[in-house]
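Asks: Sharing a structure here in structure tokens format.
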Amino acid sequence: MALKIITSPAVEPITLEEVKQHLRIAGSDDDIILLSMIKQAREFCEDFQNKKYITQTLELVMDSFPGDNYISFKNSSPVQSVESIKYYDTSDQEFIFDPSNYIVDTDSFINRIVLGYCRL
């Protein structure tokens, strides 16, 4: 299973001005380094907490359909929406999984896709 970033966050959770004010930096000599550190800090915290702080587009690639009745987003919650689920048959033909066959559970702490055949 691999998680790939398609569209990075448009902004960071803290601005350069906020960082400079907190660190009491007046000039702009270190702006590039500080911007890099802001991004690295966000990425570290996201990885540590297994969640995403800022809206971004991700692609989850799995080797096969899950054995469970759901696909869990352990490293990318909270999920706002699922654009599509694609799969390949044995002859490598791509198909789109019909959205009526699954529910996107955004209420749980770790969001997931629940496959339709296990609905109650």
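The numbers here are math on the coordinates, done by the rules we state, and not lab data. The shown structure was predicted, so the numbers you read here are calculated from the model rather than taken from an experiment. Note that each Cβ is placed from the backbone with ideal geometry, even for glycine, and that neighbours are counted across all protein chains shown.
Asks: Taking 0.36 nm per intervening residue step and subtracting the Cα-Cα distance, what contour gain separates TYR70 from THR90 on full extension?
Replies: Difference between extended and current length: 5.0 nm.
Asks: Any chance you could count the Lys pairs in the chain whose alpha carbons are under 28 Å apart, treating pairs 8 or more apart or on different chains as valid?
Replies: Qualifying lysine pairs in the chain: 16.
Asks: Here is a follow-up. Could you tell me what fraction of 2.2 N^0.38 Å the Cα radius of gyration of segment 1-99 comes to, as a two-decimal ratio?
Replies: 1.47
Asks: If you don't mind, another one. Loop-only trypsin sites (Lys or Arg not before Pro) in segment 18-67, please: DSSP not H, G, I, E or B, and at most 11 other Cβ atoms within 10 Å. Don't skip to the end; give the middle numbers.
Replies: Numbers: sites: LYS20, ARG24, LYS39, ARG42, LYS51, LYS52; in loops: ARG24, LYS52.
Passing both the DSSP loop test and the Cβ count: ARG24.
Asks: Using only the Cα atoms, what convex hull volume per residue in Å³ does segment 7-49 have?
Replies: 78 Å³
Asks: Given points 7 Å out from each Cα along the Cα-Cβ axis, report the GLN21 to GLU83 separation in nanometres with one decimal.
Replies: 3.5 nm
Asks: In addition: Calculate the FRET efficiency for SER100 and ALA10 from the Cβ-Cβ distance with a Förster distance of 35 Å, rounded to the nearest 0.05.
Replies: The pair SER100/ALA10 has a calculated efficiency of 0.65.
Asks: Given H placed on each backbone N at 1.01 Å, which residues far from TYR70 in sequence or on other chains put an amide H within less than 5 Å of it?
Replies: Amide H to amide H, under 5 Å and 5 or more residues apart or across chains, TYR70 pairs with LEU115.
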